[in-house]
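Worksheet: the structure to be examined is printed underneath.
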Amino acid sequence: MKSAKHPRNAPTVVQVIDLFSGCGGMSHGFLHAQPEGVQYRLLGGLDLDRHAAATYRRMIGRPCLELDVCELTKPAKLAEALAEWGYDEKLPLILIGCAPCQGFSSHRKKDQRADERNLLLSAFGRVVLSLNPDLVLMENVPEMLYREHW
C-alpha cells in the first residue's frame, strides 16, 4: 500500500470507492468496519440507476454519481469523478465493484445471445488499470470465469 504519513499509533487511512454501488451494501460494510490500525474513508459510489444512487446518498451519506462505468474509462471523466469524491492520490485506495452478473449467470444457459452487460467487466478492468488501486474487491458469479466469456 502507498505510504501515508500519520502520527505513531494513528490508523492508516484507506480510501474506498464503490463502482456499481447500487444502494450501498458493500459500502455499508466498509463504512462500519473497524479493523485494528485501519480507518476506511468511504469516498462515494457510482451507479447508473438513479433510484439506487439516491438511496446510496441517503443511506451512506456520500456522493453517488449517476453514471455508466464506461464513462470512467475517459481520463477527463475519471478525473472529474475523483475530484467529486475527494480522492487523495497520496492515500491507499480500495476499489470495490459488484458488476451486473445476469449475463454470466447459470440461469441463462439456454439463452445464447450476447449480453452487453458483460462488457461492463472490461470497463471496470480499464478503470482498475487507470487508478492502480492497492486492492480490488469484485463480487460476481462463478460462471464469469467460464471459457466462453473470455
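The values are calculated or read from the model by the stated rules, or taken from the named source; none is laboratory data. Just so it is clear, the structure is predicted and the values come from calculations on it, not from any experiment. Because the Cβ atoms are built from the backbone with ideal geometry, glycine has one as well, and the counts that use them run over all protein chains shown. For the accessible areas, the whole protein counts, side chains as well, though only heavy atoms, and no ligand, DNA or RNA atoms are used. Shrake-Rupley method; radii C 1.70, N 1.55, O 1.52, S 1.80 Å.
Under 5 Å from the amide H of Leu48 lie the amide H atoms of Leu67, each residue being 5 or more positions distant or on a separate chain, with H modelled from the backbone and absent for Pro and chain starts. Rg then Dmax, both in Å and based on the Cα atoms of region 1-80: 14.2, 43.
Between amide H atoms placed 1.01 Å from N, distances below 5 Å from Leu137 occur with Leu95, Ile96, Gly97, all of them 5 or more places distant or on a separate chain.
In this label model, His32 and Arg8 are separated by 3.6 nm, measuring between points 7 Å along each Cα→Cβ vector. Here Met138 sits with roughly 70 square angstrom of accessible surface, probe radius 1.4 Å.
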